[in-house]
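Derivation of every value follows stated rules applied to the coordinates shown; laboratory data play no part. What you are looking at is a predicted structure, and each value in this text was computed from that prediction instead of being measured. Because the Cβ atoms are built from the backbone with ideal geometry, glycine has one as well, and the counts that use them run over all protein chains shown.
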Amino acid sequence: MNICSVRSNATAVHRTRPLVRDDLEPSVFVSLQLSGTSMVIQGGREAVLNPGVCGAKRGHCC
């Protein structure tokens with residue numbers, strides 16, 4: 001298990017098609033929004049996280 005803390009202003013993360021098709025081990029990203037808001041967009045779906053909200057999404061370990 002890897003745990004990290006992030007403080008940030010507006011940030012966008014994009015993955016290229018080759019990275020999306022990589023053979024890395026599947027994983028789950030869990031986030032807890034402590035302050036401010038964030039938006040997660042994946043597979044054509046959007047979720048807005050407000051303080052106190054927990055979100056999860058499928059991904060790959062880096």
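For the chain, the fraction of alpha-carbon pairs lying more than 19 Å apart is 36 percent, rounded to a whole number. Once the Cα-Cα distance is subtracted from the 0.36 nm per residue extended length, the Asn50 to Gln33 segment shows a gain of 5.5 nm. With 0.36 nm allotted per residue and the present C-alpha distance subtracted, the Arg7-Gln42 stretch has 10.5 nm of extension available. Evaluated with a Cβ-only charge set (Lys, Arg +1; Asp, Glu -1), the chain carries a dipole of roughly 120 debye about its Cα centre, given to the nearest 20.
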